[in-house]
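Visitor: Right, I'll just put the structure down here and ask away after.
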Amino acid sequence: MAEFRIAPDLVAAENDKRAAALKSDYEALGATLGRRGVDIEAVTKKVSEFFVAVPSWGVGTGGTRFARFPGTGEPRGIFDKLDDCAVIHQLTQATPTVSLHIPWDKADANELNAKGDALGLGFDAMNSNTFSDAPGQAHSYKYGSLSHVDAATRAQAVEHNLECIEIGKAIGSKALTVWIGDGSNFPGQSNFTKAFERYLAAMAEIYKAVPDDWRLFSEHKMYEPAFYSTVVQDWGTNYLIAQTLGPKAFCLVDLGHHAPNTNIEMIVARLIQFGKLGGFHFNDSKYGDDDLDAGAIEPYRLFLVFNELVDAEHRGVKGFHPAHMIDQSHNVTDPIESLISSANEIRRAYAQALIVDRKALADYQDSNDALMASETLKRAYRADVEPILAEARRRTGGAIDPVAAYRTSGYRKKVAGERPASAAGGGGII
């Protein structure tokens, strides 16, 4: 039996307040969807079985290049982080796994497993860090890591990734995500071709150490921290990496790592088509890699991404099982509330995509009826599927209104009394 950070009786009492209204709303939505030929029970079952990993780093307060303003009750280390992650899963029943970042979350594997088991949590993809320097490391990553001109620095970065794999093997992870900040700030600073050759050679060493039942995710990003050029700058380069390395290598798509107005859903379709979509880091963006809450700015785009995912699911694409992870920075909200909200928004987009009339859409596409094809998508997007999300949570032991239950619990105030207040920090996202 999992250890609960919030009393189950409190969640049950909160649900009792809302049960009658939910029953009425669910039945009404079921009748509406039924007239469209959609079985609400089938959709609810699929939604209840859809999970997304939470990032260990996401439960701390983020920051910017200019300042960081710590929140109350911030986690002091990985075990506090796991407690907070357990709250998110308890209330949403959507986040049973946690994605760790090394060296930030480095700890004894037996202790990590014991804590995870006690909280009913597993571990998702491992994340390496060669974009900042750890205390005591021999070589700095100021001018790059896996693509650095210095062989010793590259070897150090490779070794760090190998360590992440070993930690992951000990705690049941099945993937390694590699994102590097390597690039240049001035024209002429770096030889584009040689830098990419060094990167591919270093990644090949990491790839050889990846177990056969694992996947290696490479992650692209248009800019930042390098502002003139980035070694892995777009999905095309990412695809070349995955193709070059081999069948265990896949592309990870972070929704904020693209130029404004990029058609991300088409990129997703292309990567699915050629068998190289590894998964996602879900967040939202207004200007760049803002790491805002999923669905906060462009919920329709999130839906369109899921439309491609459900289309692949509907077509039975061979070997299709993308990893779903959140990657956000919470600067002005309670991180737990933001992650609860994001998990629900991701499930919302999935539910909306599930109720798209696939046959009608295909017919309109085949007859070049642009307007009605678009309206078919919009009809599903406009549907208020909140009763499905709430019922999926209720049936699996979560909260009908998870944010309300969280606030009623007083969890943040409780941990604020247990955890020392963080000193105001300088710039830099944690």
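Visitor: Go through Ser218, Ser190 for me and flag whichever is in contact with a strand residue (DSSP E or B) (Cβ under 6 Å, 6 or more places away or on another chain) and either over 30 Å from Ser329 (Cβ atoms) or assigned to a loop (DSSP other than H, G, I, E, B) (or both). Reasoning before the result, please.
Guide: Values: Ser218 fails: either over 30 Å from Ser329 (Cβ atoms) or assigned to a loop (DSSP other than H, G, I, E, B) (or both).
Unique residue meeting the criteria: Ser190.
Visitor: Residues in region 362-407 that are outside any loop (DSSP other than H, G, I, E, B) and open to solvent by less than 50 Å² (accessible area, probe 1.4 Å): how many?
Guide: Adding up the residues that qualify gives 18.
Visitor: Next up: So, in region 175-214, exactly how many residues are more than 17 Å from Thr237 (Cα to Cα), surrounded by 13 or more Cβ atoms within 10 Å (Cβ to Cβ) and hydrophobic (A, V, I, L, M, F, W, C)?
Guide: Within region 175-214, residues that are more than 17 Å from Thr237 (Cα to Cα), surrounded by 13 or more Cβ atoms within 10 Å (Cβ to Cβ) and hydrophobic (A, V, I, L, M, F, W, C) number 6.
Visitor: When the residues of region 38-49 are narrowed to those that are touching a residue at least 12 places away in the same chain (Cβ under 8 Å) and open to solvent by less than 70 Å² (accessible area, probe 1.4 Å), which ends up farthest from the chain's Cα centre (by Cα)?
Guide: Val38
Condition check ((1) closer than 29 Å to His321 by Cα; (2) at pLDDT 95 or above; (3) among the hydroxyl-bearing types (Ser, Thr, Tyr)) across all residues:
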{"site": "Thr130", "(1), (2), (3)": "yes, yes, yes"}
{"site": "Leu146", "(1), (2), (3)": "yes, yes, no"}
{"site": "Ala152", "(1), (2), (3)": "no, yes, no"}
{"site": "Lys169", "(1), (2), (3)": "yes, yes, no"}
{"site": "Gly188", "(1), (2), (3)": "no, yes, no"}
{"site": "Ala201", "(1), (2), (3)": "yes, yes, no"}
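Visitor: Still on this structure, please answer the following. Answer yes or no: is there a residue in region 275-286 that is more than 19 Å from the chain's Cα centre (by Cα), at pLDDT 95 or above and surrounded by fewer than 16 Cβ atoms within 10 Å (Cβ to Cβ).
Guide: yes
Visitor: State which residue is nearest to Val310 (Cα to Cα) when the search covers only region 326-344 and only residues that are open to solvent by 10 Å² or more (accessible area, probe 1.4 Å) and within 12 Å of the chain's Cα centre (by Cα).
Guide: Ranking the candidates gives Asp327 first.
Visitor: Return the only residue of Glu265, Glu224 being more than 24 Å from Glu313 (Cβ to Cβ), acidic (Asp, Glu) and out of contact with any His (no Cβ under 8 Å at 6 or more places or on another chain).
Guide: Result of the check over Glu265, Glu224: Glu224.
Visitor: Using the structure shown, decide if Asn113 is at pLDDT 95 or above and more than 27 Å from Ala204 (Cα to Cα). Please lay out each step first, then the result.
Guide: On the way: at pLDDT 95 or above: yes; more than 27 Å from Ala204 (Cα to Cα): yes.
Against the criterion (at pLDDT 95 or above and more than 27 Å from Ala204 (Cα to Cα)), Asn113 qualifies.
The values are calculated or read from the model by the stated rules, or taken from the named source; none is laboratory data. Bear in mind that the values here come from a model prediction, so they are computed numbers and not experimental data. Please note: Cβ atoms are built from the backbone with ideal geometry, for glycine as well, and neighbour counts cover all protein chains shown. Surface areas here come from the heavy atoms of the whole protein model, side chains and all, with no ligands, DNA or RNA. Shrake-Rupley method; radii C 1.70, N 1.55, O 1.52, S 1.80 Å.
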